[in-house]
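The values are calculated or read from the model by the stated rules, or taken from the named source; none is laboratory data. Computed from a prediction, not measured in an experiment: that's the story for all the values here. Note that each Cβ is placed from the backbone with ideal geometry, even for glycine, and that neighbours are counted across all protein chains shown.
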Amino acid sequence: MEKAIDIVKFSSNVTIIKEGDTNLDLIYFIKNGYVGIYINNKLIRTLGPGSPFGYKAMLNMLPTRTATAITHGPCEILSITAKVFMSILMNDTTIPQMSAYLKGRVCLEDEMLSLNDIENIRNSCCDVGIIQ
């Protein structure tokens, strides 16, 4: 797997992927530094060391990138081709949870979550004896 991974150093404010790009060949992992994820030029989240990005379109079989990734300061980024990454997910028994983990991250990153999607399962102030 080491031969399939490239490590690239980026300076600050470098666009690594761009929303709408049709080139989905690479998936990225932050070795060190921080990367901002933008949708429609709005900062959605900031990712740090160990975080993956660039996999959402591949997992959802979309034709284009769903967000822009821009470095926030100097970064070292690991990249791997989607083809190699998928072959590892399908064949390597040492990391069977990776696909489920990435799919779970996609669900957690859903920007369309509203208060109607949240269910109150208990009133926590009553659990600790606070009287209102």
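Of the residues making up region 1-41, those that are surrounded by 14 or more Cβ atoms within 10 Å (Cβ to Cβ) and of a type in the set (Gly, Ala, Ser) are GLY33, GLY36. Looking only at region 27-54, residues that are closer than 15 Å to CYS75 by Cβ and either touching a helix residue (DSSP H, G or I) at 6+ places or on another chain (Cβ under 8 Å) or in a strand (DSSP E or B) (or both) come to 12 in all.
Within region 67-85, count every residue that is at pLDDT below 90 and touching a strand residue (DSSP E or B) at 6+ places or on another chain (Cβ under 9 Å). Of the residues in region 67-85, 4 are at pLDDT below 90 and touching a strand residue (DSSP E or B) at 6+ places or on another chain (Cβ under 9 Å).
Just so you know, in region 42-75 the residues that are under 16 Å from VAL14 (Cβ atoms) and loosely packed, with under 15 Cβ neighbours inside 10 Å include one that is nearest to the chain's Cα centre (by Cα), and it is THR46. Only residues that are of a type in the set (Gly, Ala, Ser) and in a strand (DSSP E or B) were counted across region 55-88, and they come to 2.
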